[in-house]
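The values are calculated or read from the model by the stated rules, or taken from the named source; none is laboratory data. Model, not experiment: these values are computed from the prediction. Here the Cβ positions follow ideal geometry from the backbone for every residue, glycine too, while neighbour counts run over all protein chains shown.
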Amino acid sequence: MPKRIKWIDVAKGVTIFLVVFGHVLIGLFDARIYFGVTQNILLIAVQMIYVFHMPFFFALSGYFFKVQPDLHSYLKFIKKRLLTLGLPYLAFSIIIWAIKFIFGDQVRTDVTLKSLLNIWIMPIGPLWFIYVLFALDIVLGFVSLKMKNIDTLFLVSLMVCLGFTIFPVDWYVVQRIAIWSPIFLLGTFVRKHPIYQYRTTLIASLSVFVTALAVWALTNPIQRINYQVPGWAQLLLFTSVILGFSLFYQLPQTVTGYNYFTKIGQISLPIYLIHVPLVSLTRILLYYLQVNSVIVHLILGTLIGWYGTLFIFNIIHRIPVLDFWIYPGNYLKKKEA
């Protein structure tokens, strides 16, 4: 088993916390029941988190991407990813669909039976990350059979991304692959060229990140970033990746919470999967109780979304028949052995 990289784990841990908090925030923003300063603050907070956490998560996955030496290795790799990503994706798609279907008008987006049957074409809610990550593995792994040089692969992905930014298509998976491939491969690129090790990189990326967000905020925006067609914000996504790598690589291990988030980073995927229905149910319950206070939603939503997820994971992890749907690879390995 490969040795874990501590700063990568802490990066995953902090980032998955931002994902949980971000889903609480975006639920409030997309509800469109707040106005004026409150809605504007929600928009700015959502933008700050969403231009950072998902790009960085993709790049963290890309950090471990390797070109495929031959077709046999590629097919073995895809089989493994189909199990480790596909089965959890299926299980939690059903769970999230059921919540959205049962509670109807009280959720952000309505679903039908067709929505569930079409999860291989269009993911449900936040599970888009798992869907696109698997799609990237399929496409980039296949391309790497012929294109072995990471620098070349990254450059080609940039050109493809530019083309689909200028001329976007309605085909969900194709558009997402085109947009997120260079973000994913930027993680692979910086593993080969570790520019994140330099303090100047941290200062420069942080300066660009803060300046770009400040300029955006001054334009009186009304919409958050569009992950399907980010436009100029694509540059900010790249900046976020460099900032993330630089920040966590250079973060002193003596910082309070470092060891805690290092452990959390090792279970980031289960947290991603479990928190989604839990945060949704918390928001639905609070609205049902006619609790509209943003502060109450943020506090309770985050606390329940975080600690509730960890509690549920610890229970699931002790029950093999449930744990299988989060870590299917572990059980199939035992069966093969």
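Key figures for this structure:
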read-out: Positions within region 159-173 being surrounded by fewer than 16 Cβ atoms within 10 Å (Cβ to Cβ) and either in a helix (DSSP H, G or I) or touching a Pro at 6+ places or on another chain (Cβ under 9 Å) (or both), in sequence order; value: Met159, Val160, Leu162, Gly163, Ile166
read-out: Answer residue from region 195-248, given it is outside any helix (DSSP H, G or I) and touching a Lys or Arg at 6+ places or on another chain (Cβ under 9 Å) and is surrounded by the most Cβ atoms within 10 Å (Cβ to Cβ) among those; value: Tyr227
read-out: Region 68-89, subset within 22 Å of the chain's Cα centre (by Cα) and aromatic (Phe, Trp, Tyr), residue surrounded by the most Cβ atoms within 10 Å (Cβ to Cβ); value: Tyr89
read-out: Single match in Phe184, Phe154, Phe189, Phe209 (criterion: within 22 Å of Tyr249 (Cβ to Cβ) and in contact with a Pro (Cβ under 7 Å, 6 or more places away or on another chain)); value: Phe154
read-out: Condition check for Ala135: under 23 Å from Leu82 (Cα atoms), among the small types (Gly, Ala, Ser) and either in contact with a Leu (Cβ under 7 Å, 6 or more places away or on another chain) or without any contact (Cβ under 8 Å) to a residue 24 or more places away in the chain (or both); value: no
read-out: Helices (runs of 4 or more DSSP H) (entirely within region 1-91) containing at least 1 residues that are in contact with a Gly (Cβ under 7 Å, 6 or more places away or on another chain) and of a type in the set (Val, Ile, Thr); value: 6-31, 36-50, 71-81
read-out: Residue in region 320-330 that is surrounded by the most Cβ atoms within 10 Å (Cβ to Cβ), counting only those that are in a helix (DSSP H, G or I) and in contact (Cβ under 8 Å) with a residue 60 or more places away in the chain; value: Pro328
read-out: Meets criteria (at pLDDT 95 or above and either under 23 Å from Val229 (Cβ atoms) or more than 20 Å from the chain's Cα centre (by Cα) (or both)) for Ala11; value: no
read-out: Within region 23-46, tally of residues that are within 19 Å of Leu237 (Cα to Cα) and surrounded by fewer than 21 Cβ atoms within 10 Å (Cβ to Cβ); value: 5
read-out: Residue selected from region 14-43 under the condition of a type in the set (Ser, Thr, Tyr) and farther than 19 Å from Leu251 by Cβ, by the criterion modelled with the highest pLDDT; value: Thr38
read-out: Qualifying residue in region 133-141 (condition: of a type in the set (Phe, Trp, Tyr), at pLDDT 95 or above and surrounded by 12 or more Cβ atoms within 10 Å (Cβ to Cβ)); value: yes
read-out: Answer residue from region 249-282, given it is surrounded by 14 or more Cβ atoms within 10 Å (Cβ to Cβ) and of a type in the set (Phe, Trp, Tyr) and is farthest from Leu25 (Cα to Cα) among those; value: Tyr249
read-out: Filter result (touching a helix residue (DSSP H, G or I) at 6+ places or on another chain (Cβ under 7 Å) and outside any helix (DSSP H, G or I)) within region 137-155; value: Ser144, Leu145, Met147
read-out: Residue ID - surrounded by the most Cβ atoms within 10 Å (Cβ to Cβ), chosen from residues in region 283-312 that are among the β-branched types (Val, Ile, Thr) and touching a residue at least 40 places away in the same chain (Cβ under 8 Å); value: Thr309
read-out: Ala233 within 24 Å of Val156 (Cβ to Cβ), modelled with pLDDT under 95 and either small (Gly, Ala, Ser) or in contact with a Cys (Cβ under 8 Å, 6 or more places away or on another chain) (or both); value: yes
read-out: Any hit, region 299-306, residues being on the phi > 0 side of the Ramachandran plot and at pLDDT 95 or above; value: no
read-out: Helices (runs of 4 or more DSSP H) enclosed by region 259-319 - at least 3 residues per element that are closer than 23 Å to Phe101 by Cβ; value: 268-288, 309-316
